[in-house]
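Peer 1: I'd like to ask you about the structure that follows.
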Amino acid sequence: MHADTVKPDTGVDESSIHNARLGIVFFLFYFLLYAGFVAIVTFKYEWMARPMLGGLNLAIVYGMGLILAAIVMAIIYMLLCKRPVAP
Amino acid sequence: MPQQTSVLAIVIFLMFVGFTLGLSFWLGRKAKTAGGYFAAHGQVGWFVNGIAFAGDYLSAASFLGICGMIAFYGYDGFLYSIGFLAGWVVALFVIAEPIKRLGKYTFADALDAKFNSKGIKLAAAISTLVVSIFYLIPQMVGAGSLLKALLHLPAHNWHGLDLNHALGVIVVGGVVITIVVTAGMVSTTWVQFIKGSLLVVFCSGLVVAILANGINVNGERASDGAASVTVAPGQLAATRVTPEPPTSARQVTALEGGKIVTGPLGPSEFIAELSDATILQWKKDPAAGMWVGTEVRGSDQLVPGGYFTGIRSPELVKKLDFISLMLALFCGTASLPHILIRYYTVKDAAAARKSTVVGIISIGFFYMLTLYIGLGAMVSGAMDPADSNMAAPLLARTFGDVPFALITAIAFTTVLGTVSGLILAAAGAVAHDLIESVMGHKLNDHAKVGAAKWASVVVGAIAVVLGILAKDFNVGFLVGWAFNVAASANLPAIVMLLFWRGTTKQGMIASILVGTFGSVTWLLLTKEAFANFYGIKTHDGYMPFSQPGLVTIPLSFAVLVVVSLLTRKSNYRIAV
């Protein structure tokens, strides 16, 4: 039977605390990027038409940038996280 | 636009559905225990789980709704892509590891890990059911649109009900219920894995085809028309008026430098050419019963404000609707029950984290593709003016019957994958949280799985009925509502449980219930609900804007804090 293989793991070790703190830092950084985007769209939407990179406007560059930033930050976070120490 | 039923398309479609069901039956033999049914024994590999995250998350809203919204309204549809992906940042950086450590089968387990409270289980089960049903509605609407386009049956209406759409909804409901009843999380995971892989691969191919095809002029200038043409002085736009539906909701009427075709384009060149093009936008004027076509610059389609017109208003309250939606999308992903239960299918917190990263990479890549698919549909000259949800499949049809059949079949499996996950989450809430934990009926593995299967049938049937009734909504818009409810109901409880020691069980229960019912009540009193649910098109609703998250998410946090502060002493005395 496999039923017992699914159990909650309630232990919190040093690596979990490290990963959680790292996660909060990454989260706050991304939140600022996202909030800045929403603020410009809402209150200065005309800025979004300004040309930026390669003939693309700010709306395209910032929007694609947010998606790329999430991917890159996720990979960096995974590399920086600690694995739990084996007992 | 002349469209005929394609036998090839139907055959390919049936092969996809047959393969999915066959896989489900085969894998179903392995899931007899509750651990297998609800959590695939916790033995799914992190890479498979990561792609299954994409299969679970990239629903009809992402594929049909967003692409359709970009095709009809330009850049504003892409704002959903940005918001939907940003929500995964919260899931990875804040939620993934602790929710895996604390839970077992459902996210109610995690919320209740510290308190062992029937009240928390009950509140979490209610919120799971409400969010799942809200999220199921757009999936069903998308399925109905897909089958309608695939079969091209003659229009049949019965008391105002579109029977072709209803048929599509009933078919997808039946297939999904069969999948979930057959095998639970094991088959659901593999269906989602296959669907997630296919969606990303085939959409990449579709974008390559769009760029290779470039942009072609496919409509007449409005000013080239006959007597029905009027030109507004001082504007770029000329206006064409016709009683007949146009061949496409959007047409390219001119390119930069008088070109007729651009030839193959790179990703940035495509955007630049579109920016310089002239687009004829068709809208129906219901009062006059006429279709009105207006020319606009392509560059106007690449900035926000086409759909979220409130952001261009000087009134703050009209801007709040957009802010509220973006907040709900940011907070909603990490609050969706069908996403959270996927953390229990992997063996440990590290696997949960890695699978989330794989999910973010595949989902993020897909969302970048949505911009090109939506804009490609806009310039394809093949958009159904009456159904924004069909922009992507109809774009595929311009490349031939086989691409259309493949994209339609993949879109249908997209709906299957997401609906399976949602129904499974709801079934878990009923069998594990409500019947066993709240009502206290101790069930053996066999009985618990049986209860979950019955719950799947009932939830699936409710979703079918609501999906038929909500036919007129854009599916992306409806999913935005589901995110509002999820974020309001669940996120405050999850976050405060993890980061505030003062959280009490009474505070969590109050927060979940206020968030759930506050957001649902708000939604049911909006202008959009009056128009598309109740059929009262002229009613303005009772709410100042349609997305409640900006009010109900902070409200849910505040209720948790206040109730926790008020009940902390009594909890302390009991503990002592």
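Peer 1: Pick out the one residue from B:GLY421, B:GLY417 that is farther than 25 Å from B:VAL303 by Cα, part of a helix (DSSP H, G or I) and touching a Lys or Arg at 6+ places or on another chain (Cβ under 6 Å).
Peer 2: The conditions single out B:GLY417.
Peer 1: Please go through the range B:469-522 and pick out each residue that is under 16 Å from B:SER117 (Cα atoms), small (Gly, Ala, Ser) and crowded, with 24+ Cβ neighbours inside 10 Å.
Peer 2: Answer for the range B:469-522, where residues must be under 16 Å from B:SER117 (Cα atoms), small (Gly, Ala, Ser) and crowded, with 24+ Cβ neighbours inside 10 Å: B:ALA493, B:GLY507, B:SER511.
Peer 1: Right, something else. For the condition among the hydrophobic types (A, V, I, L, M, F, W, C) and at the interface with another protein chain (Cβ under 7 Å from one of its Cβ atoms), what is the one hit in A:MET52, A:MET48?
Peer 2: A:MET48
Peer 1: Does B:LEU394 count as surrounded by fewer than 23 Cβ atoms within 10 Å (Cβ to Cβ) and of a type in the set (A, V, I, L, M, F, W, C)?
Peer 2: no
Peer 1: Go through B:SER127, B:SER117, B:SER132 for me and flag whichever is among the polar types (S, T, N, Q) and either within 14 Å of another protein chain (Cβ to nearest Cβ) or surrounded by fewer than 24 Cβ atoms within 10 Å (Cβ to Cβ) (or both).
Peer 2: One residue alone meets the criteria, B:SER117.
Peer 1: Within the range A:56-76, can one find any residue that is surrounded by fewer than 16 Cβ atoms within 10 Å (Cβ to Cβ), more than 16 Å from B:PRO304 (Cα to Cα), within 15 Å of the chain's Cα centre (by Cα) and at the interface with another protein chain (Cβ under 7 Å from one of its Cβ atoms)?
Peer 2: There is at least one residue in the range A:56-76 that is surrounded by fewer than 16 Cβ atoms within 10 Å (Cβ to Cβ), more than 16 Å from B:PRO304 (Cα to Cα), within 15 Å of the chain's Cα centre (by Cα) and at the interface with another protein chain (Cβ under 7 Å from one of its Cβ atoms).
Each row is one residue, and each column tells you yes or no for (1) closer than 19 Å to B:ALA377 by Cα; (2) more than 13 Å from every other protein chain (Cβ to nearest Cβ); (3) in contact with a Lys or Arg (Cβ under 6 Å, 6 or more places away or on another chain).
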position	(1), (2), (3)
B:VAL261	yes, yes, no
B:PRO267	yes, no, no
B:TYR343	no, no, yes
B:VAL358	no, no, no
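Peer 1: State whether the residues of the range B:86-96 include one that is within 10 Å of chain A (Cβ to nearest Cβ), in a helix (DSSP H, G or I), farther than 18 Å from B:ARG342 by Cα and not polar (S, T, N, Q).
Peer 2: yes
Peer 1: How many of the residues in the range B:237-282 are touching a Leu at 6+ places or on another chain (Cβ under 8 Å) and of a type in the set (Asp, Glu)?
Peer 2: Adding up the residues that qualify gives 2.
Peer 1: Of the numbered conditions (1) closer than 22 Å to B:HIS152 by Cα; (2) modelled with pLDDT of 85 or more; (3) among the β-branched types (Val, Ile, Thr), B:ILE407 fails exactly one; give the number of that condition.
Peer 2: Single failed check for B:ILE407: (2).
Peer 1: Here's a follow-up. What pairs can you find where one residue is in the range B:393-412 and of a type in the set (Ser, Thr, Tyr), the other is not in a loop (DSSP other than H, G, I, E, B), and their Cβ atoms are less than 8 Å apart, with a gap of 6+ or different chains?
Peer 2: Cβ pairs passing all conditions: B:THR408/B:ALA9; B:THR408/B:PHE13; B:THR408/B:LEU146; B:THR408/B:ALA149; B:THR408/B:LEU150; B:THR408/B:PRO393; B:THR408/B:ALA396.
Peer 1: For the range B:155-184, enumerate the residues that are touching a Ser or Thr at 6+ places or on another chain (Cβ under 6 Å) and either more than 28 Å from B:ARG342 (Cα to Cα) or buried (at least 24 other Cβ atoms within 10 Å of the Cβ) (or both).
Peer 2: Residues satisfying the conditions are B:VAL176, B:ILE179, B:VAL180, B:ALA183.
Peer 1: Kindly indicate whether A:PHE27 is at pLDDT 80 or above and over 18 Å from B:ARG353 (Cβ atoms).
Peer 2: In short, no.
Peer 1: If you take the residues of the range B:300-319 that are surrounded by fewer than 18 Cβ atoms within 10 Å (Cβ to Cβ) and either at the interface with another protein chain (Cβ under 9 Å from one of its Cβ atoms) or charged (D, E, K, R) (or both), which of them is farthest from B:GLU220 (Cα to Cα)?
Peer 2: Result: B:GLU315.
Peer 1: Identify the single condition in (1) more than 30 Å from B:GLY219 (Cα to Cα); (2) within 12 Å of another protein chain (Cβ to nearest Cβ); (3) surrounded by 20 or more Cβ atoms within 10 Å (Cβ to Cβ) that B:THR418 does not satisfy, given that it satisfies every other one.
Peer 2: (2)
Peer 1: So B:TYR344 passes all but one of these: (1) modelled with pLDDT of 85 or more; (2) surrounded by 23 or more Cβ atoms within 10 Å (Cβ to Cβ); (3) within 30 Å of B:TRP46 (Cβ to Cβ). Which condition number does it fail?
Peer 2: The failed condition is (1).
Peer 1: Run down B:GLY332, B:GLY293, B:GLY359, B:GLY374 and say which single residue is in a strand (DSSP E or B) and crowded, with 23+ Cβ neighbours inside 10 Å.
Peer 2: B:GLY293
Peer 1: Further question on the same structure: Restricting attention to the range B:59-82, does a residue exist that is modelled with pLDDT of 80 or more, part of a loop (DSSP other than H, G, I, E, B) and touching a Lys or Arg at 6+ places or on another chain (Cβ under 6 Å)?
Peer 2: Taking every residue of the range B:59-82 in turn, none turns out to be modelled with pLDDT of 80 or more, part of a loop (DSSP other than H, G, I, E, B) and touching a Lys or Arg at 6+ places or on another chain (Cβ under 6 Å).
Peer 1: I need the full set of residues from the range B:1-30 which are more than 30 Å from B:ALA391 (Cα to Cα), at pLDDT below 70 and more than 28 Å from the chain's Cα centre (by Cα), in order please.
Peer 2: Passing the criteria: B:ARG29, B:LYS30.
The values are calculated or read from the model by the stated rules, or taken from the named source; none is laboratory data. Computed from a predicted model, the values in this text were never measured in an experiment. Cβ: placed from backbone, ideal geometry, glycine included. Neighbour counts: every protein chain shown.
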